[in-house]
1. For the chain, modelled as a GNM with alpha-carbon contacts under 10 angstrom, which of PRO111, PRO121, PRO74 fluctuates the most?
2. Applying 1/(1 + (r/R0)^6) with R0 = 35 Å to the Cβ-Cβ distance of THR280 and SER39, what FRET efficiency is obtained, to the nearest 0.05?
3. About the Cα centre of the chain, what is the dipole size in debye to 20, counting +1 per Lys and Arg Cβ and -1 per Asp and Glu Cβ, all else neutral?
4. Please give the FRET efficiency for GLU289 paired with GLU32, using the beta carbon to beta carbon distance and R0 = 41 Å, rounded to the nearest 0.05.
5. May I ask you to compute the full-extension gain from LYS90 to ILE265, defined as 0.36 nm times their residue separation minus their alpha-carbon distance, rounded to one decimal in nm?
6. Does segment 180-268 come out rounded, prolate or oblate by the C-alpha gyration tensor, with a ≥ b ≥ c the root eigenvalues, rounded set by a/c under 1.5 and, if not, prolate when a/b is larger than b/c and oblate if not?
7. Whole percent per 20 Å bin, from 0 to the bin with the longest distance: what is P(r) over all C-alpha pairs of the chain?
8. Just in segment 178-240: which trypsin sites (Lys or Arg not before Pro) are loop by DSSP and have at most 13 other Cβ atoms within 10 Å?
Amino acid sequence: MSQIYDRVALIGLGLIASSMYWAIKRSGLAGEVTGYARSAETRDTAREIGLCDRVCESAAEAAEGADLVVLCVPVGVMGDVAAQIAPNLKPGATVSDVGSVKAAVIEAVAPHLPEGVHFVPAHPLAGTEHSGPRAGFAELFDNRFCLIVPQQGSDRAAVERVEQLWQGMGSETEEMDADHHDLVLAVTSHAPHLIAYTMVGVADDLRRVTDSEVIKFSAAGFRDFTRIAASDPTMWRDVFLNNKNATLEILGRFTEELFALQRAIRTGDGEHLHEYFTHTRAIRRGIIEAGQDTDAPDFGRSK
C-alpha cells in the first residue's frame, strides 16, 4: 500500500491505537503518526517502546496539522476530547474514532467540529482482553471487519480515504448507519459481554463452589466467559451507558429465550432443546465459514 495520509494523530494510546500505529508503519500508510494519552505514565511507556513518531503533551498538540485524527478514548469522554482538539484542527482534516457505540458518539462529537472538518466514525471489530500501549500488535485487524459509519452529507473522498486506511491495516470494511450499527453490536458484542460478566459474577457468588474449583475446572466453558469478562472496565461501562436502548432491547429478547429454555428443561422437553441447539450450532458453522474464527481443536489454543 502507498501512503494515504501525511500525518495521522492517535488520541488515546491503548490496545487499538497502538495496533493502528504498528499496522500503519507495517504498510507505510502515513508519513508521520503523532500520539497523546491522558496519563503521563502511558506517554512515557509509548516513548520507551517507540509507539508513535512523536508523543505529545496534549490532545490539541497531537491533532495540530494532522490530516486524520482518530479518537481512541472511551466513548464517554469523546465529546470532551473533540472540544479540546477542535481549535487546532486544520481545514479539510478528517476526524474519526474507534468506539463500539456510534449514535451517542456522533451526538457527542459532531457539534464540536468546525465547518470544513470531515467526521467519519468507524469501529474496528477486533480486540483482545488485554489493554494498554504494550498490548498492541500490527496483525490485530487482519481479516477482521471495520464498520464505517458516514454522516449524512459526508464528503465521499474523506470516507473513502478512511476506508482505504483500514483496508491498508488489514481490515475488510463495510458501511452502516449509526442506529443499525448499535443494534448489530448489541447482539454480537454488548449483550454477550454483559452475560459473560454476569456468569462470572454468579460463579463468584456460589460459595458452595470453591475458588480453587472454579479456576481448576474452568475449561468447561467458564474459561471463555472469564476471557470476555476481563475486558477493560472503563470502556465497557461507557459502552452500556451509551448504547442503552439497543442493549436493553436485546437483553429483553435474551431473557425471553432463557425463560423458554428454563421451561423446556423443567418440563423435560428434549425436542425443543435439541432443535434450539441444532440452530445455534449452525450459526457457529457460519462464523467459521466466514473466516471469523477457527474450527481447530479447542479453538486453536495451545493449552
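Just so it is clear, none of the values below were taken in a lab; they were calculated from the coordinates. Predicted model only: the values in this text are computed from it and were never measured. Heads up, the Cβs are rebuilt from the backbone with ideal geometry, glycines too, and the neighbour counts pull from every protein chain shown.
1. PRO111
2. 0.25
3. I would put it at about 720 debye.
4. 0.50
5. 56.8 nm
6. In terms of gyration-tensor shape, oblate.
7. Here the calculated profile for the chain is 30, 54, 15, 0.
8. Listed in order of number, the matching sites are ARG207, ARG208.
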